[in-house]
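Note sheet for the following structure.
Just so it is clear, none of the values below were taken in a lab; they were calculated from the coordinates. Everything numeric in this text was worked out from a predicted model, so none of it was measured. So basically every Cβ, Gly included, is an ideal-geometry build from the backbone, and we count neighbours across all protein chains shown.
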Amino acid sequence: MFRTARVSRLSTGAATVPFTRRRLARLALSRRSDPVRSPNPAAESRVSIPDWRQLRRIVLFTGAGLSAESGVPTYRGAGGIWCEYRYEDYACQRAFERDPVKVLDFHALRRAAVLGCAPHAGHDHIRAMQARHPGVQVITQNIDGLLQRAGVAVDAELHGSLWRLRCPVHGVRADQAAAEFVARRCPDCPPATAPWLRPDITWFEDAVDAEVFEHAAMRVDDAELFVGIGTSGAVWPAAGFAERARRRGARMIEINPEDNEASARYDERLRLPASIGLPTLFPLD
Ligand SMILES: [Zn+2]
């Protein structure tokens with residue numbers, strides 16, 4: 001199915017994001033005007049929930065930090081991809097229209113980098129949790145597919161996937177075999193006029209996928225426990241989910257080795273990498 005309902009622009013660090021639909025507008029929350037609970041140093045200590053299986057719904061909200069532990073290069077920050085490449089040349093619709101080969105080459109390189117990485121103990125732990133409890137739902141901002149490779153059922157990919165392409169006529173198609181794309185032009189369109197296939201990723205300046213965001217928002221609203229894992233809360237509107245869950249009364253726990261701008265939205269914080277933090281928080285036996 002070709003998704004057309006794209007209504008909100010991806011942004012980094014912007015407190016306000018243009019929305020055209022009221023439901024999604026609630027995701028765009030101002031960080032400056034919105035008071036949050038102060039971090040409680042006492043809550044920095046290790047947290048464990050031995051009876052987590054008693055909770056009806058648990059949302060795990062994952063970001064780049066989860067993949068960084070597998071060696072996937074991050075996009076932002078020191079050493080991030082956007083220090084080396086200008087997104088204007090490689091990761092926006094304008095760049096794709098200007099030079100699709102260059103943009104597809106770049107994404108094939110990204111796929112090669114991801115294929116050189118393996119899921120880690122944190123990914124495996126999520127799979128093990130889901131095997132024990134169907135109420136464990138994963139909402140991810142990651143496009144690398146590592147969760148899926150670990151056997152995790154992902155409920156929402158907020159920013160798309162490196163492993164899908166889309167044709168303006170035929171919509172989304174999986175392309176997962178190797179670093180290089182199976183097809184760069186749509187094989188279902190007439191060869192003479194077949195368009196370039198565009199990575200099914202939310203690029204800079206793109207609108208986010210409204211259907212995916214609404215689905216994720218429903219899950220967030222239903223969560224008794226919301227766990228932010230390796231996410232800095234810098235990319236909007238996805239970053240609004242933590243605030244949304246907090247306001248809905250979910251217990252809020254962050255797993256992240258470092259403090260960041262989203263940390264104050266959580267009640268408890270595990271300053272640990274996901275590979276250690278997840279087994280600590282959710283013991284299996
Ligand atoms: Zn096509």
Return the distance in nm (one decimal) between the two label points of a simple spin-label model at Ala112 and Gln176, each offset 7 Å from Cα along Cα→Cβ.
2.3 nm
If you rank Thr280, Thr140 by fewest surrounding Cβ atoms within 10 Å, what's the result?
Thr280, Thr140
Order of Tyr87, Tyr266 from fewest to most other C-beta atoms within 10 Å?
Tyr87, Tyr266
